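> Here it is, the structure, as structure tokens.
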Amino acid sequence: MNGINKIIGSGIAAMLFFIQLQANGQQLSAYEIVKKADDKLRGEQTGYAEMTMEIIRPTWNRTVAFKSWNMETEYSLVLITGPPKEEGQSFLKRGNDMWNWNPTINRMIKLPPSMLAQGWMGSDFTNDDLLNQSSIVVDYTHTIISEETITGRDCYVIELIPEEDAPVVWGKVILWISKSDYLQLKAEYYDEDEYLVKTETAYEIKTMDGRLIPTRFELIPADKPGNKTIVTMDQVKFNISLSESFFSQQNMQKVR
């Protein structure tokens, strides 16, 4: 009788475990996982960061410092703070429209869609990567395709396919997001023919402004040996006081 009770007990425990797994799976969709990871890094409403970008090439290196503000999924503003030659340049995104202000030539330039795929400040990041960051949430459909362990953390592997007519440059994106703390630890970017273009990997996970986030990102293009871009987050603030009026062409010229 005890043996039968053990079998029944084990069966009930297994069934409860399976039900719990199903419940957990229903709690978070692929979209919700991606949004959690994006919100954690950029702030649920607004965010501010000071960053350093090192552009590495086989025969030279270059460093660019910049500040970045964002609000929800529609607005972002980036200000170059160094080197002196580029200092004061700014980039603005409002909805699907993007501009660049260059104080050296005293000129405001609207960035056409054809420029989204161009390297930002000569780096391996594109204008789309830096200005259209929230696009991974709103411009793609999301599907969990597998699971994998990255640097000791169990991750969801999520495929992103662009919505029809979405203003993006990628044909497909694959993300690795940790299950326990929703950290985006790796991303692969593919062109429209599904050829790998570049891989981004996140390192140096630290607590900044009260939350655990990666603070170093390495981007390596697939077809350019010896090329790499590294972005380090030097300071981060989440959910700060910002208004829509902050993200204006007028403010591009005076923000500091």
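The values are calculated or read from the model by the stated rules, or taken from the named source; none is laboratory data. Computed from a predicted structure; not experimentally measured. A quick note on method: Cβ atoms are made from the backbone with ideal geometry, for glycine too, and the neighbour counts reach across all protein chains shown.
> Got a number for residues in the stretch 151-195 being of a type in the set (Ser, Thr, Tyr), out of contact with any strand residue (DSSP E or B) (no Cβ under 6 Å at 6 or more places or on another chain) and more than 19 Å from residue 205 (Cβ to Cβ)? Before you say what the answer is, go through the steps one by one.
Taking the stretch 151-195 as the starting set, the residues that turn out to be of a type in the set (Ser, Thr, Tyr) are 151, 156, 178, 180, 182, 189-190, 195.
Now narrow it down to the ones that are out of contact with any strand residue (DSSP E or B) (no Cβ under 6 Å at 6 or more places or on another chain): 151, 180, 182, 195.
Those left that are additionally more than 19 Å from residue 205 (Cβ to Cβ): 195.
Count: 1.
> With (1) in a strand (DSSP E or B); (2) of a type outside the set (Asp, Glu); (3) surrounded by 17 or more Cβ atoms within 10 Å (Cβ to Cβ) as the list, and residue 169 as the residue in question, which single condition is left unmet?
(1)
> Looking at 143, 149, 207, 199 in this structure, which one is surrounded by fewer than 18 Cβ atoms within 10 Å (Cβ to Cβ), in a strand (DSSP E or B) and in contact with a helix residue (DSSP H, G or I) (Cβ under 7 Å, 6 or more places away or on another chain)? Don't jump to the end; show me each part of the working.
Values: 149 fails: in contact with a helix residue (DSSP H, G or I) (Cβ under 7 Å, 6 or more places away or on another chain); 207 fails: in contact with a helix residue (DSSP H, G or I) (Cβ under 7 Å, 6 or more places away or on another chain); 199 fails: in contact with a helix residue (DSSP H, G or I) (Cβ under 7 Å, 6 or more places away or on another chain).
Within the list 143, 149, 207, 199, the selection yields 143.
> I'd like to know if the stretch 197-215 contains one or more residues that are touching a residue at least 60 places away in the same chain (Cβ under 8 Å), closer than 18 Å to residue 170 by Cα and over 16 Å from the mean Cα position of the chain (by Cα).
Taking every residue of the stretch 197-215 in turn, none turns out to be touching a residue at least 60 places away in the same chain (Cβ under 8 Å), closer than 18 Å to residue 170 by Cα and over 16 Å from the mean Cα position of the chain (by Cα).
> Moving on to the next point. Of the residues that make up the stretch 110-131, is at least one farther than 18 Å from residue 200 by Cβ, modelled with pLDDT under 95 and in a strand (DSSP E or B)? Write out each step before concluding.
Taking the stretch 110-131 and keeping what is farther than 18 Å from residue 200 by Cβ, we get 110-115.
Subsequent filtering for residues that are modelled with pLDDT under 95 retains 110-115.
Now narrow it down to the ones that are in a strand (DSSP E or B): 110.
Scanning the stretch 110-131 turns up at least one residue that is farther than 18 Å from residue 200 by Cβ, modelled with pLDDT under 95 and in a strand (DSSP E or B).
> If you don't mind, another one. Filter the stretch 95-131 for residues that are within 13 Å of residue 167 (Cβ to Cβ) and touching a residue at least 40 places away in the same chain (Cβ under 8 Å) and give the result. Before the answer, list the steps.
Initial filter on the stretch 95-131 (within 13 Å of residue 167 (Cβ to Cβ)): 95-98, 111-117, 126-128, 131.
Answer for the stretch 95-131, where residues must be within 13 Å of residue 167 (Cβ to Cβ) and touching a residue at least 40 places away in the same chain (Cβ under 8 Å): 96, 113, 116, 117, 126, 128, 131.
> Name the residue that is nearest to residue 192 (Cα to Cα), counting only residues in the stretch 124-145 that are polar (S, T, N, Q) and out of contact with any Asp or Glu (no Cβ under 9 Å at 6 or more places or on another chain).
Taking the stretch 124-145 and keeping what is polar (S, T, N, Q), we get 126-127, 132-135, 141, 143.
Retained after the next criterion (residues that are out of contact with any Asp or Glu (no Cβ under 9 Å at 6 or more places or on another chain)): 126-127.
Working: 126: 16, 127: 18 Å.
Out of the qualifying residues, it is 126.
> For the stretch 235-256: of the residues being of a type in the set (A, V, I, L, M) and under 17 Å from residue 95 (Cα atoms), which is surrounded by the most Cβ atoms within 10 Å (Cβ to Cβ)? Walk me through how you get there before you give the answer.
The first filter runs over the stretch 235-256 and keeps only residues of a type in the set (A, V, I, L, M), leaving 236, 240, 242, 252, 255.
Narrowing the set further to residues that are under 17 Å from residue 95 (Cα atoms) leaves 242, 252.
Numbers: 242: 19, 252: 21.
If we take residues in the stretch 235-256 being of a type in the set (A, V, I, L, M) and under 17 Å from residue 95 (Cα atoms), then 252 is surrounded by the most Cβ atoms within 10 Å (Cβ to Cβ).
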